[in-house]
Every structure is written in structure tokens, then in C-alpha cells.
1. In nm, to one decimal, how far is the Arg307 label point from the Thr355 one, both placed 7 Å along Cα→Cβ?
2. Under 20 Å between alpha carbons: how many lysine pairs meet that in the stretch 257-399, if sequence neighbours fewer than 8 apart on the same chain are excluded?
3. What does the accessible area of Arg87 come to, in Å² to the nearest 10, when a probe of 1.4 Å is used?
4. Would you kindly state how much longer the chain becomes between Asn54 and Lys180 on full extension, computed as 0.36 nm times their sequence separation minus their alpha carbon distance, in nm to one decimal?
5. Can you tell me how much longer the chain between Ala269 and Arg290 gets when fully stretched, taken as 0.36 nm per residue apart minus their C-alpha distance, in nm with one decimal?
6. So if we plug the beta-carbon distance of Glu262 and Met239 into 1/(1 + (r/R0)^6) with R0 = 35 Å, what FRET efficiency do we get, rounded to 0.05?
7. Which value, in debye to the nearest 20, gives the size of the charge dipole of the chain about its Cα centre, when Lys and Arg are +1 and Asp and Glu are -1 at the Cβ?
8. Pick from Ser360, Ser379, Ser91 the residue whose mean-square fluctuation is largest in a GNM of the chain, springs joining Cα atoms under 10 Å.
Amino acid sequence: MTENTKTGKRNWRPATTLVHEGGMRSPFGETSEALYLTQGFVYDSAEAAEARFNGDDPGYVYSRYANPTVSMFEDRIKALEGAEAARATASGMAAVNLALMASVKAGDHVVASKALFGSCRYICETLLPRFGVESTLVDGTDIDQWKKAVRPNTRAMFLESPTNPTLEIIDIAAVADLAKTVGARLIVDNVFATPLYQSPLELGADVVVYSATKHIDGQGRCLGGVVLSDEEWITEEVMPFVKHTGPHMSPFSAWVLLKGLETLPLRVAQQTNSAGQIADFLAGQSKVSRLIYPGRDDHPQADIVKRQMRAGSTMVAFEIDGGKEAAFRFTNALDLIRISNNLGDAKSLITHPATTTHQSIGEEAREELDISDGILRLSVGLEDTLDLLEDVEKALAAV
């Protein structure tokens, strides 16, 4: 461990940071972080309460505003991400909504990638316009489309990379350069890459959001989200929104997620190793018409992957010949891999996006995003790789 003399921060490597950073021991000296399952806090006097509320005393006021256990989670994830500040939310979608709402006002304009999770598209296409904020969706892989979509009132840009479910890679640095040129805030959903494999802030993004439900918990237990950015924006724009609208993470969820962060590097490394082997196997199968995996040289944006990601992914996307019927037959023939719309879990999970996660965006939008009826999204878990390969091979035989 070394000390950064400029910032005073400890330059621990990710695995160490995720075990030790963000601790806040009580007088009892506990080893595991304490769970402060409380709604409110008691003050020694009326004067102390006044000081707490007017900001003279930096202590806690109400768990809808902040909570010690939640603060520990925020401190740990911001240390890993390299962010100045973080605010934890009750879910990943609460984080996305918070980041966008805190970036715009009536009369503003948002440019976003078309390849978004269904609920994210809903916010951009339906929710924001209700409050006087227009949005334009573009092919995220085409920087010229981003440039053409910009208006004088463009104040935010939003993307996810790799995308859900087709694992497209967007050049974050290129979009970040454009955002800075036009005075817009770039928000990046980094869920599929995880903070271990991609650092959007280092690439020029202004805000990073996560669904902590996914790899950060990674064991199917609780929901959570987090928004990370600079201290000024979090304090001036995000915190008032959190205070007055109530999307804050619960202390119990924060405690569970703290425990999840401790094992994140081990889990993601194993999942990525298995995902790469499964992708290589599927690439050679005649019944698979398309295989998309960021760790392979045949990925459509392989050059960008090498530039901005440190490893492949825990996710594999592939298309079965025969459309929905063949995809369903394959999925139903699996014994070990479970059917679920979640991802980043210890258990391997598979979903048919056209009828689940992206059903709501409509057939036309799915065709535009190349989400065919034969596409499947596989989130690789912690099972033995050989058992997973055998399960996939058996299911292919049923097609």
C-alpha cells in the first residue's frame, strides 16, 4: 500500500480497497461493518439539533438523507471508482432516474444511445418529455450521429456500454469529448463492465451509474443503485433531489452490498473466465448464427474494447437459428442455467430479451437494435465451467 501525497488517499489495489475502504467502526470495535438499522437520530440538546439541521454539525439527521451504513457503502464504491462523491439509491433505475433528473430542467435536451434497457428508454422517451425535456436517441456506435443530434439546449448525454443485451461497445472517450465541447453532462451506465473492467470517469465521463443489484450484490439478495460524480454536482444537484423525493438506499441493503463488494473481484474474475470459454464454444456451433462477446477478436468493436476495457465480460449474447421457437427450445432444455431476467448473479441466468427485458420497447425498436427473436442473453455465474459447458451443449442438441 502506498500513500498518494497529492490527495492523501491510499493507493490500494481494487481487491484491497473492496475489503477495507469505507469502514466506520463504533466504540465496540467490530470487525464487520455495523448495520445501523435506524430511521432517525437523537440529539444531545435542542441546540445540537439546530446545528445538525443548519449544517454546522456534519452528523446524521434522518436515514432518508444519509445513514452511517449507507455512507460506508458509498465511501467504498467511490474509492474503487475514483470518484469524489457517491449517492446510493434503492435500485439501479432509481440511480438512472436520479442522474438524469439532476442534470436537466424544463426546456433542456438529452441525447442518448438507442441501445438502452427498456426502463431507461422509458425515462428518455416518455418520462422526461412530461417535464418539458426532449430527447433524441442515436446509434451509440456512430459518433457522427451524436454530433448531429446535439442542439444548443443539449445538457445531458446518456449511454450504457457494453449495451443490454447485444453487448455493443460505445467509444466513451469520444462521446465525452463531444459532451465537454457542447457543455453537456455525460452519464454512463457501467453495469455490464463493472467498475473492475471499465472506468468511465477516467475516460472523460461526468457521471457513472450502477445497478448494485447486479454484480455488486451478485447473489440475488437485494436491490440497490449508486450515482458517482464530482463533489459539487452531488452536493448541489443530487443531494436535494435525494432529500425531497426519497430514493435513498436502505441501511440493510447497504450492509448486504458492502459484503458483496468484498468478494466482487473473485466472483467477476471467475464469471469472466467461464463466459469466455462458453463464448468460444458457442462460436463454433452451427446452430448459433451470431455470437457476441467483448473478449473475442471478432467482436464488432474489438478495437474499442481493447482501448477502454480491462477484460471481457460476464455476459454472452448469442442468436439461435430458428427464431423464438428455437430459442425457447434451447432455454427450456437447460438444467443448470436458470431462466431469469436478472444478471451478474452467482447463479448462471438466461433470458430471452424480445419477450422479457426489451418486450416493452416494441418490435420496431427491437429490429432497429438487432434484438431478434432468436437472441439470448446469458449471464454466467460461479458454477464449474465444465458443468456449464455440458448444460449448454445438451440444450443445443435439443434445438
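1. According to this spin-label approximation, the distance is 3.9 nm.
2. 5
3. Roughly 30 Å² of Arg87 is accessible to a 1.4 Å probe.
4. Working: separation 126, 0.36 × 126 = 45.36 nm, distance 3.47 nm.
Additional length available on full extension: 41.9 nm.
5. Contour length minus the Cα-Cα distance gives 5.1 nm.
6. Details: r = 27 Å, r/R0 = 0.78.
It comes to 0.80.
7. Roughly 200 debye, rounded to the nearest 20.
8. It is Ser360.
The values are calculated or read from the model by the stated rules, or taken from the named source; none is laboratory data. What you see is a predicted model, and the numbers here were worked out from it, not measured in a lab. Every residue, glycine among them, receives a Cβ derived from its backbone with ideal geometry; neighbour counts consider all protein chains shown. To get the accessible areas, we keep the full protein, side chains included, count just its heavy atoms, and leave off ligands, DNA and RNA. Shrake-Rupley method; radii C 1.70, N 1.55, O 1.52, S 1.80 Å.
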